[in-house]
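Enquirer: The structure under discussion is supplied below as structure tokens; questions concerning it will follow.
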Amino acid sequence: PVAADGDLVGRVVDKSGSLHNITIADATSPTWKAAVQNGRGATLHGVVAAAKYLASADNVDNDDFSLVLVIKAPAVITGGTAYGIATTFTTATTNGTRLYLNTSGVFEIQTAPTTATYTGATPVISTAYIVGITIKNSSTRRSLFVNANAVVTNDTAVTATDSVIRFGVQNINNANNYWTGHICEALLYADPISDSLMAQLIAALNSKWGVY
């Protein structure tokens, strides 16, 4: 386990008991930082152009799933640059899902071929957010949640191939547009959860992390 501020994170344990642990090579290991948000620690990811990300060994069902993260925005957000937070997206076949700050500096998800963009507020540097996404192939629905707010986009059915998930980067096939902030906690659901349950989870995470 990490013992001190600045230690490299070599393994992330799946707390659900399903043993879907993440093991990271030193070359891409994020850094553990203490007392990042509400007295709790978090992983600090790439800085500048450094590739610092977490990758699962197991595939995610890209057609139907939910993901909730507690993050802290980078200390610097440069206009015209995208910052990847979590992704199952491959640009080679343009399928999968990616969550990121887009080049306009707002939260966005893309599930081929559709995006859902939250334009209610531009993220503030070094500020924590709870961000959730739900992808439902059965109802052709993509939902993006930012704190207590949500935006929903409906379009054609999702036909993405199952793939691994990476945290801290925008695409799984060409590591670029790195997240340069913190990731405090991530909850991944193999089946999509309801909007009401998502709201309850966000409220519980807010109580734990003191986000908004």
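Enquirer: Restricting the search to the range 171-212, which residues are at pLDDT below 90, small (Gly, Ala, Ser) and either within 12 Å of the chain's Cα centre (by Cα) or open to solvent by 50 Å² or more (accessible area, probe 1.4 Å) (or both)?
Expert: Ala190
Enquirer: Take the range 34-51 and flag every residue that is at pLDDT 80 or above and buried (at least 19 other Cβ atoms within 10 Å of the Cβ). Give the derivation first.
Expert: Start the filter on the range 34-51 by keeping residues that are at pLDDT 80 or above, which leaves 34-45.
Passing the criteria: Val36, Gln37, Ala42, Thr43, Leu44, His45.
Enquirer: In addition: Among the numbered criteria (1) closer than 26 Å to Ser18 by Cα; (2) without any contact (Cβ under 8 Å) to a residue 40 or more places away in the chain, which single criterion is violated by Gly80?
Expert: (1)
Enquirer: Would you mind finding the one in Ser143, Ser163, Ser104 that is hydroxyl-bearing (Ser, Thr, Tyr) and exposed (fewer than 15 other Cβ atoms within 10 Å of the Cβ)?
Expert: It is Ser104.
Enquirer: Name the residues in the range 4-16 that are farther than 21 Å from Leu188 by Cα and part of a loop (DSSP other than H, G, I, E, B), would you?
Expert: Residues satisfying the conditions are Ala4, Asp5, Gly6, Asp7.
Enquirer: Give me a count of the residues in the range 82-126 that are more than 15 Å from the chain's Cα centre (by Cα), among the hydroxyl-bearing types (Ser, Thr, Tyr) and over 21 Å from Ser66 (Cβ atoms).
Expert: First, pick out the residues of the range 82-126 that are more than 15 Å from the chain's Cα centre (by Cα): 90-95, 103-105, 112-115, 119-122, 124-126.
With the extra rule that they be among the hydroxyl-bearing types (Ser, Thr, Tyr), the set shrinks to 90-91, 93-94, 103-104, 114-115, 119, 122, 126.
If we keep only those that are over 21 Å from Ser66 (Cβ atoms) as well, we get 91, 93-94, 103-104, 119, 122, 126.
Here the count works out to 8.
Enquirer: Regarding the range 120-136, can at least one residue be identified that is closer than 30 Å to Asp5 by Cβ, of a type in the set (Gly, Ala, Ser), crowded, with 17+ Cβ neighbours inside 10 Å and modelled with pLDDT under 80?
Expert: No.
Enquirer: Let me ask something else. Given the condition in contact (Cβ under 8 Å) with a residue 40 or more places away in the chain and either charged (D, E, K, R) or in a loop (DSSP other than H, G, I, E, B) (or both), answer yes or no: does some residue in the range 17-30 qualify?
Expert: Looking through the range 17-30, at least one residue is in contact (Cβ under 8 Å) with a residue 40 or more places away in the chain and either charged (D, E, K, R) or in a loop (DSSP other than H, G, I, E, B) (or both).
Enquirer: Within the range 178-212, track down each residue that is part of a loop (DSSP other than H, G, I, E, B) and within 13 Å of Phe145 (Cα to Cα).
Expert: Scanning the range 178-212 gives Ile193, Ser194.
Enquirer: Can you name the residue in the range 52-75 that is modelled with pLDDT of 90 or more and open to solvent by 10 Å² or more (accessible area, probe 1.4 Å) and, of all such residues, is nearest to Thr23 (Cα to Cα)?
Expert: Lys72
The values are calculated or read from the model by the stated rules, or taken from the named source; none is laboratory data. Fair warning: this is a prediction, and the values are worked out from it, not measured in the lab. FYI the Cβ positions are ideal-geometry reconstructions off the backbone, even for glycines, and counts take in every protein chain you see. Ligands, DNA and RNA are stripped out before the accessible areas are found, and what is left, the full protein with its side chains, is counted by its heavy atoms. Shrake-Rupley method; radii C 1.70, N 1.55, O 1.52, S 1.80 Å.
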